[in-house]
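Q: Mind having a look at this structure? Questions to follow.
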Amino acid sequence: MATGWLSGALWLSALATVAALAGGAQGQGLSPGFYNATCPALQAVVRRGVARAVRREPRMGASILRLFFHDCFVNGCDASVLLDDVPGNFTGEKNAGPNANSLRGYEVIDAIKAQVEASCNATVSCADILALAARDAVNLSRDMQLGGPSWTVPLGRRDARNTSANAANTNLPPPDAGLPTLLSMFRAKGLDARDLTALSGAHTVGRARCAVFRSHIYNDTAADAAFAAGLRASVCPAAGGDGNLAPLEPQAPDAFDNGFFRDLVARRVLLRSDQALYGAGNGTTDALVRAYAANGTAFAADFAAAMVRLGGLAPAAGSGGEVRLNCRRVN
Ligand code: HEM
């Protein structure tokens, strides 16, 4: 078993707390039982698809979680991020700055969607599949026994019929953002400092490219000197190697635990935007980081509640939407 995991007992109690929390936090007219009558197999099909993908490649859990964040922050959780560009006709989010050569996991959602269509034709939105898959990606883990927290996912989202690269470029926070920028970008979505800090704990899994953390490890005094020097020597040269990967949380890169917050306190994280949460003079986020570093159960509960709020971000009123048959294109 990977080091740095919380014990099973801890996660179990986190799970109970979270179920209680999530039960009362359903946004935008969504409801957990939305498909109970029309697609009773849905949750099992999604979970099986995520489990298969994570078993094949443990990092995929992280990639699916990020896909959901990038969907929800751009015009709400409407699967807009899944739309393929149509040359000469439509430029969507996939090739926007924060997503190009970076966002991944589209094929996993395609495979799950195909399975869902086989049993419940034209019934379940791609946006809902992504919301469920993100929950399962957190909860499942490499050995399928001790993953991150779980929560009840409110359902009933509609898929977008349009989107734009520009919306992705302006709504998604950049990795060199300072805390005021992060706070205001989250506040613009109705999410507060606690949501920002808890959701940033997603960086306890996954990988980042040298291109996005180079400036932090070469230029920022906030980074631990030995940590930064190690990365400069091993994966991220001053020039070149832009695509080289490093784990966002090196102790247990595929385990959903609170290790990221311990790294933050030790100033051993990759992104400038992450380090901005701790030691940049903001008492609120400093205190939250310390609390989550000390108490994985508190992190698990706040993360799950914040994921439900993130999942409640709705498309602009009146946009209608549809249940896409293929997540890559409008019907
Ligand atoms: C707070 C502002 C955030 C910024 C500036 C940010 C930025 C980034 C960047 C630059 C990467 C590396 C991308 C690459 O090198 O290709 C990354 C990876 C990742 N992000 Fe964030 N992120 C933020 C918040 C979040 C949130 C809220 C979540 C989910 C709830 C999330 C989940 C992830 C995951 C799981 C990865 C690893 C993905 C993989 O390995 O495929 N991030 N993020």
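Q: Under 7 Å by Cβ, and 6 or more places apart or on different chains, what pairs join a residue from region 72-88 that is assigned to a loop (DSSP other than H, G, I, E, B) with one that is among the hydroxyl-bearing types (Ser, Thr, Tyr) and open to solvent by 50 Å² or more (accessible area, probe 1.4 Å)?
A: From region 72-88, the pairs are 85/91.
Q: Also, I was wondering about something else. Quick check on this structure: which one of 74, 46 is within 16 Å of the ligand (Cβ to nearest atom), open to solvent by less than 10 Å² (accessible area, probe 1.4 Å) and at pLDDT 90 or above? Spell out how you get there, then give the answer.
A: Numbers: 46 fails: within 16 Å of the ligand (Cβ to nearest atom).
Only one candidate qualifies: 74.
Q: A further question follows. Answer yes or no: is there a residue in region 78-91 that is more than 16 Å from the chain's Cα centre (by Cα), within 27 Å of residue 195 (Cβ to Cβ) and modelled with pLDDT of 95 or more. Write out each step before concluding.
A: To start, the set of residues in region 78-91 that are more than 16 Å from the chain's Cα centre (by Cα) comprises 83-91.
From what is left, the residues that are within 27 Å of residue 195 (Cβ to Cβ) are 83.
Next, from what is left, pick out any that are modelled with pLDDT of 95 or more: 83.
Within region 78-91, one or more residues are more than 16 Å from the chain's Cα centre (by Cα), within 27 Å of residue 195 (Cβ to Cβ) and modelled with pLDDT of 95 or more.
Q: Residues in region 204-222 that are farther than 18 Å from residue 101 by Cα and outside any loop (DSSP other than H, G, I, E, B): how many? It would help to see each step written out before you state the result.
A: To start, the set of residues in region 204-222 that are farther than 18 Å from residue 101 by Cα comprises 204-205, 215-222.
If we keep only those that are outside any loop (DSSP other than H, G, I, E, B) too, we end up with 204, 215-219.
Residues meeting the conditions: 6.
Q: Quick one: would you say residue 85 is open to solvent by 10 Å² or more (accessible area, probe 1.4 Å), under 25 Å from residue 174 (Cα atoms) and away from the ligand (no atom under 16 Å from the Cβ)? Explain how you work it out, then say what you get.
A: Details: open to solvent by 10 Å² or more (accessible area, probe 1.4 Å): yes; under 25 Å from residue 174 (Cα atoms): yes; away from the ligand (no atom under 16 Å from the Cβ): yes.
Against the criterion (open to solvent by 10 Å² or more (accessible area, probe 1.4 Å), under 25 Å from residue 174 (Cα atoms) and away from the ligand (no atom under 16 Å from the Cβ)), residue 85 qualifies.
Q: Given 209, 187, which one is surrounded by fewer than 20 Cβ atoms within 10 Å (Cβ to Cβ), near the ligand (Cβ under 9 Å from one of its atoms) and within 28 Å of residue 73 (Cα to Cα)? Lay out the reasoning, then the answer.
A: Values: 187 fails: near the ligand (Cβ under 9 Å from one of its atoms).
After ruling out the rest, the residue left standing is 209.
Q: Kindly indicate whether residue 103 is under 21 Å from residue 310 (Cβ atoms) and in contact with a His (Cβ under 9 Å, 6 or more places away or on another chain).
A: Yes, satisfied.
Q: Here's a follow-up. Please go through region 274-329 and pick out each residue that is farther than 21 Å from residue 138 by Cα, assigned to a helix (DSSP H, G or I), among the hydroxyl-bearing types (Ser, Thr, Tyr) and open to solvent by 20 Å² or more (accessible area, probe 1.4 Å).
A: 284
The values are calculated or read from the model by the stated rules, or taken from the named source; none is laboratory data. This structure is a prediction, so every number in the text was calculated from the model and none was measured. We place every Cβ from the backbone using ideal geometry, glycine too, and count neighbours over all the protein chains shown. Surface areas here come from the heavy atoms of the whole protein model, side chains and all, with no ligands, DNA or RNA. Shrake-Rupley method; radii C 1.70, N 1.55, O 1.52, S 1.80 Å.
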